[in-house]
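**Student:** To start, I am sharing the structure in question, which I have written as structure tokens.
The values are calculated or read from the model by the stated rules, or taken from the named source; none is laboratory data. All of these numbers come straight from a predicted model, not from anything done at the bench. Calculation scope for accessible area: heavy atoms of the full protein, side chains included, ligands and nucleic acids excluded. Shrake-Rupley method; radii C 1.70, N 1.55, O 1.52, S 1.80 Å.
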Amino acid sequence: MKTIIRILVCAFALWLTTLIVGGGEPQHFWVEPISEDNWGRIGTFVLVALLFGLVNGSLGRVARFLTWPLRVLTLGLFGLLVNGALILVVAWVSDLAGFGLRVDGFWWGVLGALVLSILTAIFNGLLGTTKSKIPKG
């Protein structure tokens, strides 16, 4: 159940990110819906959030492991570039499907990743769905 809530939180944060970064219009950072009705838009955001979770859980782990020396040297700032690259991978994969995330360039992806990570951290913290590193009990 926690995973479903985290995907819905990511979808909501992605919607807010498109409003903040893209200005609510198809520019810079936006999501192209499957269909123009409300359920098509919501479904697209959920699918992109699920895709982002899959890319982040697989390719993101490998990228973070391979770039840990650069992240240590830059005090974590290189992680923003890694997250921007992961956003571009999600945009590329969703572009192959014909719908989903659209990003105008790498730096828009970095800005979108920064806003998305801040929003998801806030909402997951408010809902108590953060990943805990220490087992309870």
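**Student:** Per residue, how large is the accessible surface of the stretch 58-137? Use a 1.4 angstrom probe and give square angstrom.
**Tutor:** Details: 5190 Å² over 80 residues.
Using a 1.4 Å probe on heavy atoms only, each residue of the stretch 58-137 averages 65 Å².
**Student:** Let me ask you something else. Within the accessible area of the chain, what % is carbon and sulfur when the probe is 1.4 Å and the other protein chains stay in place?
**Tutor:** Working: 6040 of 8470 Å².
It is 71 percent, rounded to a whole number.
**Student:** A follow-up question, please. What residue among 83, 38, 56 has the largest mean-square fluctuation in a Gaussian network model of the chain, using Cα springs under 10 Å?
**Tutor:** Highest fluctuation of the listed residues: 38.
**Student:** Long-range amide H contacts for residue 28: which residues qualify at under 5 Å (H placed 1.01 Å from N, peptide plane, sequence gap of 5 or more or a different chain)?
**Tutor:** For residue 28, whose amide H was placed from the backbone, the distant partners under 5 Å are 104.
**Student:** Starting from one equal scatterer on each C-alpha and no solvent at all, send me the Debye-based log10 I(q)/I(0) for the chain at q = 0.11, 0.12 Å⁻¹, two decimals.
**Tutor:** With no solvent term, the Cα-only Debye profile gives -0.39, -0.47.
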